Amino acid sequence: MTTAQTEVPATADVRRGRVPGEPGVWIMILGDLIVFGVLFVLFMSQRGSDPDLFNRSQLTLHRAFGGVNTLVLVTSSLLVVLAVGAIRAGERVARLLLCGALACAGIFLVNKGIEWTALIADGNGLSSNSYFTYFFVMTGLHAAHVIFGAALLIAMVVLSGKDRLSETPIGLIESFGCYWHLIDILWLIIFPLLYLVH
């Protein structure tokens, strides 16, 4: 008597319990979270020692810049999620979605540049006081991450343009997408911390 055995094809993509992306990218993400976490703790500690200065300085910010950038980054993350799903499904719309996310990155950086220029023109630069030192360090470091993330989005556009989407390395695509979501998450902490919390 023989027992029938059911084998899962080697090409089957088993997703249960699977962490997206490559292990190396998670180490990099953890490193970034630690760096920003230290900055957040230092900022809150300094704020606690001089709340009046921090509150006065915060009032000179234009919250609309931060609000628009929040909307832009959340939109870009949604587009990346949809694009990764489209790549998995072999749909050509992935490239268009990634171009939309890349456009959002550009809008964020232009908006940030305009905001910095306006602040500096008003006499609020990196060395004006401890609030603005933290403001420019955190937003500058975050902007550098956006620039690097935009380069990864360009790589995703190129990878998603292959003739056969089945040949696209999904682990690499997911890694780039995870990094982009890190950028969004960091901004969702930076925005209220710098612009809203009194």
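For segment 60-105, go through all pairs of different Cα atoms, get the mean of 1/r, take its inverse, and jot down that Kirkwood value in Å. Could you put the intermediate results ahead of the total?
On the way: mean 1/r = 0.0891 Å⁻¹.
About 11.2 Å for segment 60-105.
When segment 23-196 is described by a simple charge dipole with +1 on each Lys and Arg Cβ and -1 on each Asp and Glu Cβ, the residue from 90, 173, 67 located farthest towards its positive end is 90.
Give me 62, 142 ranked fewest to most by other Cβ atoms within 10 Å of their Cβ, as a rough exposure proxy.
On the way: 62 13, 142 23.
The fewest-first ordering by Cβ neighbours comes to 62, 142.
Each of 100, 77, 196 was scored by the projection of its Cα onto the charge dipole of segment 23-196, and the greatest displacement toward the positive side belongs to 100; charges sit on the C-beta of Lys, Arg, Asp and Glu.
So, by mean Cβ neighbours within 10 angstrom, what's the order for 104-110, 44-50 with the highest one leading? Walk me through the numbers before you get to the answer.
Working: 104-110: 18.3, 44-50: 12.7.
Top to bottom by mean Cβ count within 10 Å: 104-110, 44-50.
From most to least packed by mean Cβ count within 10 Å, the peptides 117-128, 76-87 give 76-87, 117-128. Here the 3J(HN,Hα) profile of segment 38-46, calculated from phi with Karplus coefficients 6.51, -1.76 and 1.60 at θ = phi - 60°, is 4, 4, 5, 5, 4, 4, 5, 5, 5 Hz, Gly and Pro shown as x. Dipole magnitude for the chain: about 240 debye, using +1 per Lys or Arg Cβ and -1 per Asp or Glu Cβ, origin at the Cα centre. Amide H contacts under 5 Å for residue 61: none, restricted to partners 5 or more places along the chain or on a different chain, H placed in the peptide plane at 1.01 Å from N. Placing pseudo-labels 7 Å out from each Cα toward the beta carbon at residue 27 and residue 68 gives an inter-label distance of 4.0 nm.
Kirkwood-type hydrodynamic radius, segment 92-163: 13.8 Å, calculated from all non-identical alpha-carbon pairs. Normalised by 2.2 N^0.38 Å, where N counts its residues, the alpha-carbon radius of gyration of the chain equals 1.27.
Here 172, 98 are placed in order of increasing Cβ neighbour count within 10 Å, fewest first, which gives 172, 98. The ranking of 187, 116 by Cβ neighbour count inside 10 Å, starting from the fewest, reads 116, 187.
Between residue 91 and residue 120, the simple label model (points 7 Å from Cα in the Cβ direction) yields a spacing of 4.3 nm. Across segment 102-109, computed HN-Hα scalar couplings (Karplus, 6.51 cos²θ - 1.76 cosθ + 1.60, θ = phi - 60°) run 5, 4, 4, 4, x, 4, 4, 5 Hz from first to last residue, x flagging Gly and Pro.
The angle separating the long axis of helix 130-160 from the principal Cα axis of greatest extent in the chain is about 20 degrees.
Each reported figure results from applying straightforward, stated rules to the coordinates on display, with no laboratory input. Predicted, not measured: the structure shown is a model, and the values here were computed from it. Virtual Cβ from ideal backbone geometry, glycine too; neighbours counted across all protein chains shown.
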